[in-house]
Amino acid sequence: MKPGTDWKASYRGHLFEEIPCGIVVIDRNLRIVDQNLAFTTIFGDGRGRTCYEVTRGRRTPCTECLAEQTFRDGQRRSREAVGVDPAGKAVHHLVQIAPIRDETGNVPFVAALTTDLSATKRLQREYQTLFEKVPCYVTVVNRDFRVVKANTLFRQVFGEPTGEHCYELLKRRHERCPECPAEQTFLDGGSHTSSHVGITRDGAAAHYVVSTAPLVQTDGETTHVIEMALDVTRLHRLEAELLRANALREALVENSPYAILILDQRRRVVLVNRAAEKLWDCSRDSLLGHALPRRALACRLDEIVGRNGEPAPLVDSTIVTAKGVEIPVRLSGFTLHPAEGERSTALIAQDLREIRKLEREKLDAERLAAVGQTVAGLAHGIKNILTGLEGGMYVTSGGLARHDEARVRQGWEMLERNIGRVSSLVKNLLAFSRGDQPQPRLVRPAAIVAEVVSLFKELAEQHNLVLETDISDVAPASMDAEGIHTCLTNLISNAFDACLVSHKPACRVLVALREENEEIVFEVTDTGCGMDYEVKQKAFTSFFTTKGSGGTGLGLLLTRKIVQQHGGSVTFESSSNEGTTFRLRFPRRRLPPLVEEEHNAG
Amino acid sequence: MSQKPSLPAPRVAVVDDEEDVLTFVRIALEDAGFTVQALDRPTEAIGALEVFRPHLILLDLLMPEQMGVSLYAELRQNPVLRHVPVIILSGLNARDTLPEAAGYLEKPVDAAALLHAVRRVLPDPRGGTP
C-alpha cells in the first residue's frame, strides 16, 4: 500500500466515523452492513439487522421505502422522517439516500445519511411559542411597512392582518410615522427603540414602546423587520397619576396650616413647609440640610412618635423660634419607612397661641355669663332668704305676743338660719366672681386630701357616715392648694348631703387620689341619693340647688372654675338612689406653671 | 271666737322646697284658722294632695323651675285636683308663664299679703269678708 493511498483511506475512514450525521450502509435485503459513530449514538449498534427495525422499531419494511426506490432506479432521495431510538423516544431526522455503485454500475448497497433535526425542531417550536405568546404586539413588516405576520396578542386586538401598514393597525394613521424605528432598521440594519402614541379601536390614547430588529437579510440588505410594540398605556396612566398625587401631596404639605418638618436619622431637616418657616420664624434655606437645634423643640422626638405603628400621641409642648421666642404647640410625629433608603421622622406642630387665647377668652366669657346668671339668680335666692327672714320675724313676734317661748325659739332659728345663708351666699359669690388666677406652688396632692378629710371626720361621726380614703402616692404638682381645698370641700360636703337626704341606714363616702397616664385624679364617691336626669342636667347651673335652704347652688360652679383654671376637668357619674362619683382630672402637662417664690421675705 | 261648727276650716296645701318658707306659710295660715298641709317634695305632692283634697294650693315654682311648672301642669290634668285654685308663690313673676292661675304672690311675701291673697279665693274661716 502506498503511503498516499494509506493516508487517503485513513482520513476517509476517519471522516466516515466522525462526521456529525449518522451514516448507514444497507444491502438489498435492507440489512445494515456498516454504520458510523453518529448513527450508533442515536440508534445503537444495528449491524446485521434491518434498517426499519433499527430506526423505526418496525417488523416489516416501511410502506414507501426510499432505499428500495433507489435500489430500483439508482436516484438520490431525501425526506424528513420520525424515527424511534432504542429508548423509544421520537427522533426527527432528515434522511438522504445515495446509491453505492459497483464497477458494473449496479447498486448492491445504498448509503442512508441521517441528520438529527430534533434540536432544530425544538428551537423552531420555541421560537414560534415566543413569537406568539410574548405579551406585546409582535409583527413582521416588509419594506413597504406592511404587516406580513403578527402574533396572537396582535391578532386578538387588531384582527388578522391583511396587508395593512403597521401604522394603520397600531395607530390608525394614514401615513408613515415621522420617527419610524422600522425605517431606521431597514436603513442601518441595527435595532431601534422609541416611544409612540397611538389610538386604540375605542378611540382612546394608547402608549407604546416600539423596538425593531432586522429579521431577514439578503445580500446585506434587510428585507423584513420584526417590530415589538409594548403597550405601556397603563404604566403611562400610573405615571401620570403618580405625578398628580405627588403634586397634590406637595400642595397639601406646603399649604398645611400645621408646621411640618421631616428629619433624617441624623436629625437633619429634609423637608420644610411654609407654616414651619413661619412657626420657627426662619427661612426654609436656613433649616434645610441642617440638624434641627436641640433647643428648637422642648421635648424629645421619641416622645412624639407613635411606637410600633400605634397612632402618634398628641403632645402639648413648646418650640423655640430662631429668635428665642417660646411658642406653645401641640406636636405629633411618625416614622417614615421607605422601601429604599434610610428612615426619617415627620414632625407636625400646631401653633396653640390662638387656641390658648380663645380658651382663655372662652373661660372669661363663661365666667362673665355665669356672673350674669348669678346676678339674675341672686335676686331669686335673696327673695327666698328674705321670705325666710319675714317668716322668722312673723313667728318670733307671734311667739312674743303670746309669750310662747317654743315659738319664739322656732322663729329665732329661722332668722339665724337665713342670716347664715346670706353670709354664705355672699362669700361664695365673691369667690366665684373674683377673676383671680390660681397661685400655684409645688404641693403634695395627698396632703390636701388628708387635710380636707380630717375637717369632715367629726361631722361624719355625728351623722353616722363612713368616711374613707384611698390615697396613692402621687408626686408633688404645681397647684393652688387653697383652690383644690375648696373643690374637695365642696364635693365632700355635697356627698354628705346626698347621704343625709337618702335616709339610708349606712352611707359611705370615699375620697380617692391616684395618678394615671400623667393625670392626677381626685374622686369623691358617695352611696347617697344619687341624681336623676333633671338634676344631672343642671348640676353645673348657678343657683341650682336641690337642697332647699341648705345650698347656694354655687359650689359645683366654683369647683369647676377652679379645676378649669388648673387645666383640668370635672366629670361625674350618678344614678338615682345608688350614689354619685365626682372626678377631678388634672393632666400634669396642663397644670399652671409654678409661681416663682419671692426671693427674700420683706 | 264664735265659729260655726257646720263650716269646717278650709284646707290649704303649700308646696315649696324652702323649709323656712313652708314653716312661715303654714304658721301664718294656721294662725288665721286654715287647715294647712305643707309639702316639701314636689315629686311626691300629687299623691298627698289627692288624699288631702285642699280647697286651695299655694305652689312655689321652685328654682329648677320646670319642677314647679310641670307640677302645675299635672295638677291641671288630675281628675281629682283639676278644679282646685292654685296661687303661684314664687320669686319670679309668673304671670307670663302661667297666666291662668288663681293668684300670684311674689317673694318676699309678708303675712298680710299672704292672707290677703288667700282670702280673695277662699272664705275667711272666721266669717270675715272674703
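Some notes on this structure:
- Distance between the 7 Å Cα→Cβ label points at A:ILE19 and A:GLU354: 9.7 nm.
- A:VAL272, A:VAL141 arranged by Cβ crowding within 10 Å, fewest neighbours leading: A:VAL272, A:VAL141
- Where a label projected 7 Å from the Cα of A:GLN156 along Cα→Cβ would reach, residues of the stretch A:111-130 with amide N under 20 Å: A:126-130
- Once the Cβ-Cβ distance of B:GLU100 and A:GLU303 is raised to the sixth power relative to R0 = 51 Å, the FRET efficiency obtained is 0.15.
- Calculated FRET efficiency, A:HIS174 to A:VAL270, Cβ-Cβ distance, R0 = 45 Å: about 0.30 to the nearest 0.05.
- Amide H to amide H distances under 5 Å link A:GLU164 with A:VAL147, where only residues 5 or more positions off or on other chains count and H is placed in the peptide plane.
- Tensor-based shape of the stretch A:241-292 (alpha-carbon gyration tensor, a/c under 1.5 rounded, otherwise prolate or oblate): oblate
- Among the residues of B:23-31, the average count of other protein chain beta-carbon atoms within 10 Å of the residue beta-carbon is 5.
- Take each residue of peptide B:107-113, count the partner chain Cβ atoms within 10 Å of its Cβ, and average: the result is 6.
- Between A:VAL329 and A:SER317, A:THR318, A:ILE319, A:LEU352, the built amide H atoms are under 5 Å apart, and every one of these is 5 or more places off in sequence or on another chain.
- Chain A, helix-only ellipticity at 222 nm - DSSP H runs n ≥ 4, -39,500 (n - 2.57), divided by all residues, nearest 500: -13000 deg cm²/dmol
- Assigned charges on the beta-carbon of Lys, Arg, Asp, Glu; the protein assembly as shown dipole about Cα centre (debye): 1760
- Available extension along the chain between A:GLU416 and A:GLU68 is 110.5 nm, counting 0.36 nm per residue and deducting the alpha carbon span.
- Three-way shape label, the stretch A:126-197, alpha-carbon gyration tensor, a/c 1.5: oblate
- The protein assembly as shown: C-alpha gyration tensor shape, a/c 1.5 cut-off, then a/b vs b/c: prolate
- The simple spin-label model puts a point 7 Å past each Cα toward its Cβ; for A:ARG201 and A:ARG47 those points are separated by 6.5 nm.
- Residue exposure sequence - A:THR40, A:THR486, A:THR114 - by fewest surrounding Cβ within 10 Å: A:THR40, A:THR486, A:THR114
- Label-point separation in nm, A:ASN106 to A:LEU442, each point 7 Å along Cα→Cβ: 13.2
- Sorted fewest first by neighbouring Cβ atoms within 10 angstrom, A:LEU287, A:LEU358, A:LEU331 come out as A:LEU358, A:LEU287, A:LEU331.
- Using a cut-off of 20 Å between Cα atoms, the listed pairs A:LYS278/A:LYS323; A:LYS323/A:LYS362; A:LYS427/A:LYS504; A:LYS357/A:LYS561; A:LYS427/A:LYS561 include A:LYS323/A:LYS362; A:LYS427/A:LYS504 as exceeding that distance.
- Residue by residue along A:405-413, Cβ atoms of other protein chains within 10 Å of the local Cβ number 1 on average.
- In a fully extended conformation the segment linking A:LEU363 and A:VAL325 would gain 11.1 nm over its present Cα-Cα distance, using 0.36 nm per residue.
- In summary, the helical segments of chain A meeting the span-like criteria, namely a full DSSP H run, a Cα extent along the axis of 30 angstrom or more and a mean Kyte-Doolittle hydropathy of at least -0.5, are A:233-255, A:353-402, A:405-433, A:481-502.
- Packing, as the average of other Cβ atoms within 10 Å across residues, places the peptides A:334-342, A:414-422 in the order A:414-422, A:334-342, highest first.
- On the basis of the beta-carbon distance and an R0 of 56 Å, A:ASN246 and A:GLN564 show a calculated FRET efficiency of 0.80.
Computed from the coordinates by the stated procedures, all read-outs in this text should not be read as laboratory data. This is a predicted model, so every value here is computed, not measured. Backbone-built Cβ (ideal geometry, glycine too); neighbour counts: all protein chains shown.
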